[in-house]
Structures are given as structure tokens and as C-alpha cells.
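> Take this structure, written in C-alpha cells, and hold onto it; I'll ask about it next.
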Amino acid sequence: MGAADVVPGVSGGTMAFILGIYERLLSAVRSFDIVLLTLLLRGEPRAAARHADLGFLVALGLGIGSALLFFTRIVPLPRLIHTDPVPVFSLFFGLVSASIVTLLRHLDGFNSRHAGLLVAGAALGFIIVNLVPMETPETLPFVALSGALAVMAMILPGVSGSFVLLMLRKYGYVFDAIGKFDLSVLIPFAGGAALGLALFSRLLVWLLGRFRTAMLATIIGVLIGSLWMIWPFQERAYEIVRGKERLVASAPVLPWGAGEPLGTALLWALAGVAAVLVVELLARRRSV
């Protein structure tokens, strides 16, 4: 999940869904309630830990944290997106495409209404990635808002927290801060993420519980629409803004019009597809 959350367009929630731990994750998120607070006030830490499934959350947190550090300090994905966009986005495109196919296979009772929601979600995703501004502020309130929106996306299968950060133009900004342990960015971001999780997780759980197939169809549609943004071959324009080179325009082009090797891009995309298939295969073997 942590590795997926670093990748724009790939959802940690999707990985949890594929691995078969999604329902347990939602249950753990919902456990932060009045019952937990009551157990803590009564001085019953063991009961509180069982109620919150603390062992599961600690293991999950360690895995996510380790992946975030690895892909910001050892393999700096935010920098590679800028220096080597075609191979990186080819990998992302393969991962997202395979995730879409995997999620489609988990839709139960799919009908024409759900098909309409899928199309509407794709249209919404396309609109979103084309309406987001190329430059956003780096103020504390906006960083906190970015954290809230990213964590909402992270717990939904099909929507990537990193992709939301990429749309908000805060992907490199936040992950650079993680790699540098910049608390001036990380504290408001984490605060916004905690608030977003507290406010929206129950609503999201309720929606998925009551309208599971409809919600997943819409989410998958949004993910399909978002492929426009992570298509590997783009004409990108950069400008120097406050001493930093920033992306100001990006438009998809055909592979032979991008001046990049098609074979290399195809290999990276296939690697992304293979990674998702391997994860799903391991999850199936574990569930047998």
C-alpha cells in the first residue's frame, strides 16, 4: 500500500482490495469512536488495542512509512517524474490500467445503471484532470487541505492519494518534504490528513456499504478518465517560478510524435501490469 501511495494514479486502497485486507482496514478506521475513547478513559489499554486492531494498524503503518521513505530518499520518485517522465509514467500507466481491470472483475451485480455510472465517472475524471490549475499555493491551509483530500483518496479503492497530490501540484512538494523531514510542511499536511480521515472515513464506509457496486463503478470510471493525465507521451512545458522549474502545460501526443523510444515505454508499462498481476496472484494463493 505504501509503495502504491507514492505512485500518482495507483491507489493504496486498490492494493488493499486486491490483497484482501480492505474490509479489515475499513473496520480499523471505524474503530476510532466513542467506544475506544471510553476504554482508554477506563484504563483498559489492552481492550482498546483489540477494539482498534492495533497490531494490524501498526504493521500497516510501518510498511507504508518504510515505502514512503524508500521512494523519497533511496529511489526519489518525485525527482524521476521530472527528469525521466516517459519511463516513469509508462510504469504508472501499466499499474493503473491493470488495477482498473482488476477492480472491474470485483464488481458484483453489474448492470446498465452501473455502466452509466462508469461512463459518468470517466467523464468526471477527464474533467477533473483538465480543470486543475498548473500552480497552487504553498500556504499552510492549502497544504492541510491537500492532506485531507489525499487521505480521502488513499482509503478508496481506485483513487490515488498521490494522484490527488499530483493534480493539486503538491506531489513533489510533499514527497520532497518527507525525504527531507521538513516538519513545516509535514505537520500541517499530517494534521489535514488526520482531520480528513476523521470527518470523511465514516461517510465513505457508509457509501461503500450501502452502494458498493455503484460506488466502485463510479470510482473505476474516474480512474479511467484520469489515464489521460498519466499517458506517458506528453508535450510538457516548464517555466521558472520562484527559482524552480515547474510544469505549466501538458498535452498527450501519439508515441511517434513525442521523440521518445516506444519500446522502452512499452517494457515499463508491461512491468507495471505484471506487478499488479503478481500481487493479485499472491493474494489469491493466500486466501485459498
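Since every read-out is calculated from the coordinates, none of them should be taken as a lab result. Since we're looking at a predicted model, the values are computed, not measured. Heads up, the Cβs are rebuilt from the backbone with ideal geometry, glycines too, and the neighbour counts pull from every protein chain shown.
> Just in the stretch 62-116: which trypsin sites (Lys or Arg not before Pro) are loop by DSSP and have at most 14 other Cβ atoms within 10 Å?
Working: sites: Arg73, Arg79, Arg105, Arg113; in loops: Arg105.
Listed in order of number, the matching sites are Arg105.
> log10 I(q)/I(0), Debye, Cα-only the stretch 29-117, no solvent, q = 0.10, 0.14, 0.20, 0.21 Å⁻¹?
At q = 0.10, 0.14, 0.20, 0.21 Å⁻¹ the computed log10 ratios are -0.58, -0.86, -0.94, -0.97.
> Which shape class, rounded, prolate or oblate, goes with the stretch 13-78 when its Cα gyration tensor gives a ≥ b ≥ c as root eigenvalues, a/c under 1.5 marks rounded, and past that a/b bigger than b/c marks prolate?
prolate
> In addition: Full extension from Ala194 to Leu267: what is 0.36 nm times the residue separation minus their Cα-Cα distance, to one decimal in nm?
22.5 nm
> Still on this structure: Could you give me D for the stretch 93-203, from Stokes-Einstein at 4 °C and 1.567 mPa s, where the hydrodynamic radius is the Kirkwood radius over C-alpha pairs? Units µm² s⁻¹, please.
Rounded, D is 84 µm²/s.
> In whole Å, what are the extents of the chain along the principal axes defined by its C-alpha atoms, from largest to smallest?
On the principal axes, the chain reaches 65, 48, 32 Å in Cα extent.
> For a quick check: with amide H placed at 1.01 Å from N, whose amide H comes under 5 Å from Gln234's, ignoring anything fewer than 5 positions away on the same chain?
Those qualifying (amide H under 5 Å, at least 5 residues apart or on another chain) are Val253.
> Further question on the same structure: If one takes the longest principal axis of the Cα atoms in the chain, at what angle in degrees, from 0 to 90 and to the nearest 10, does the Cα axis of helix 262-287 lie?
In the chain, helix 262-287 runs at an angle near 20 degrees to the longest axis.
> Continuing with the same structure: Relative contact order of the chain, please, whole-number percent, based on alpha carbon pairs below 8 angstrom and at least 6 residues apart.
30 percent
> Now for a separate question. Using +1 at the C-beta of Lys and Arg and -1 at the C-beta of Asp and Glu, which of Val6, Gly20, Val151 has the Cα lying farthest in the positive direction of the dipole of the stretch 2-287?
Gly20
> Could you order peptides 136-143, 37-44, 269-276 by the average number of other Cβ atoms within 10 Å of their residues, highest first?
Those peptides, ordered most packed to least, come out 269-276, 136-143, 37-44.
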